[in-house]
Amino acid sequence: MDDMECMSLALDLAKKGYGFVNPNPLVGAVIVKEGRVIGTGYHERFGGPHAEINALASCKESPEGATLYVTLEPCCHYGKTPPCTEAILNAGIRRVVVGSFDPNPLVQGKGIKILQENGIEVTEGLLESECDRLNEVFFHYIQTGKPYVVMKYAMTMDGKIAAYTGESKWITGESARENVHKDRLRYSAVMVGIGTVLADDPLLTCRTEGGRNPLRIICDTNLRLPLTSKIVETAHEIPTLIATSSMDLQAQQAYLKAGCRILSIKQLDGYLDLSELMTRLGEENIDSILLEGGGILNWSALQARIVNRVQTYIAPKIFGGSNGKSPVAGLGVPSPNDSFLLRNTTVTYWGEDILIESEVMPYVHRNH
């Protein structure tokens with residue numbers, strides 16, 4: 001196996017940690033000796049051994065003189081586990097091939113430097129863009145302290161997210177919906193507005209086999225969430241947080257008794273201040289959010305500049321009607337020059353449905 005094949009294997013291993021390592025990074029490691037893979041590992045869960053440690057523990061023979069391929073720069077500090085650089089040196093690894101550089105201030109090149117100072121040959125930046133993409137959530141969170149937000153919606157070919165009656169089940173097919181459940185596993189939380197709960201009464205659970213349910217965040221400015229909703233009725237089993245500006249402590253007690261948590265957030269222009277909400281969630285180690293709101297919350301999120309990625313599922317259907325709902329409501333931008341710009345677009349097919357994904361470009365004021 002050549003270097004590229006070994007790093008590709010490490011990338012595949014890293015993806016097995018989706019949903020279980022947050023807010024830590026996804027990392028995979030492969031150990032090769034005399035052209036043979038003798039050990040593999042990945043970061044399996046938050047607080048557990050890192051990928052390098054798991055790979056060394058799985059070795060079928062001594063790793064002395066071997067090459068270690070790892071998707072992210074090895075850590076060099078004591079956290080929940082000892083530094084990986086120490087284990088690499090003790091194992092007698094001869095060469096280390098690194099994909100991404102770790103932007104964590106506790107690492108940030110120090111891991112590579114320690115290895116080099118101790119006589120280990122280091123090859124840097126192999127499949128770097130692929131490795132960086134794997135950890136876009138971690139990189140954003142470690143650098144900003146705020147969650148990485150993915151705005152997801154499904155619409156018809158004519159841009160409707162519901163018929164004029166409000167009916168929306170189902171726009172996309174089973175394959176696309178299964179992928180949404182995988183994303184609910186991948187990200188720490190799923191967030192909706194009160195309008196979505198009132199219209200659809202969703203559970204917002206992850207129905208992927210072997211998965212775990214994300215934290216459910218309900219943006220409910222005036223605390224209108226029905227106590228009979230599926231979300232409230234299952235709050236003792238599934239972590240549920242209500243973000244609200246209501247200071248009605250008596251009303252809050254009913255939700256707290258049902259198992260919900262309450263997060264008080266100030267208002268901005270009549271709605272929750274989403275920037276403050278992101279700061280507060282980041283402080284609670286929520287590194288990523290799948291935003292599955294309706295048009296009003298989507299517009300508010302874009303206005304607040306909290307959206308990092310947009311996922312648009314397009315179904316080969318037409319609803320028609322001037323009163324059909326669109327995925328982004330609100331006032332909208334005054335001119336094309338004020339658009340929210342997207343980049344690095346990819347297209348994937350899920351059955352008959354199309355998924356278009358794009359990064360949201362950082363805001364730059366543009367003169368008219």
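Of note:
- Checked against (1) modelled with pLDDT under 95; (2) part of a loop (DSSP other than H, G, I, E, B); (3) β-branched (Val, Ile, Thr), THR221 passes all but a single condition, namely (1).
- When residues of region 283-320 are limited to those that are in a loop (DSSP other than H, G, I, E, B) and among the aliphatic types (A, V, I, L, M), the one nearest to GLY332 (Cα to Cα): ALA304
- Scanning region 237-267 for residues that are without any contact (Cβ under 8 Å) to a residue 24 or more places away in the chain, of a type outside the set (Asp, Glu), outside any helix (DSSP H, G or I) and open to solvent by 30 Å² or more (accessible area, probe 1.4 Å) yields MET247, ARG261, ILE262, SER264, LYS266.
- All conditions in (1) of a type in the set (Lys, Arg); (2) closer than 30 Å to GLU283 by Cα; (3) assigned to a helix (DSSP H, G or I) hold for LYS146, with the sole exception of (3).
- Candidates GLU64, GLU5, GLU86, GLU73, filtered to the one that is free of Cβ contacts under 8 Å to residues at least 24 places away in the same chain, among the charged types (D, E, K, R) and closer than 25 Å to GLU117 by Cβ: GLU86
- In region 321-366, the qualifying residues are those that are in contact with an Asp or Glu (Cβ under 9 Å, 6 or more places away or on another chain) and basic (Lys, Arg), and the one that is nearest to MET151 (Cα to Cα) is ARG343.
- Flag: ARG216 matches the condition of being touching a residue at least 24 places away in the same chain (Cβ under 8 Å), of a type outside the set (A, V, I, L, M, F, W, C) and assigned to a strand (DSSP E or B).
- No other residue among THR205, THR196, THR123, THR221 is under 27 Å from GLY259 (Cβ atoms), polar (S, T, N, Q) and touching a strand residue (DSSP E or B) at 6+ places or on another chain (Cβ under 6 Å) apart from THR221.
- Filter result (among the β-branched types (Val, Ile, Thr) and either open to solvent by 90 Å² or more (accessible area, probe 1.4 Å) or modelled with pLDDT under 95 (or both)) within region 348-368: VAL364
- Taken over region 222-243, residues that are of a type in the set (Val, Ile, Thr) and either within 23 Å of LYS266 (Cβ to Cβ) or touching a Cys at 6+ places or on another chain (Cβ under 6 Å) (or both) amount to 2.
The values are calculated or read from the model by the stated rules, or taken from the named source; none is laboratory data. Source: prediction; values computed, not measured. Cβ atoms come from the backbone with ideal geometry, glycine included; neighbour counts cover every protein chain shown. With ligands, DNA and RNA removed, areas are computed over all heavy atoms of the protein, side chains included. Shrake-Rupley method; radii C 1.70, N 1.55, O 1.52, S 1.80 Å.
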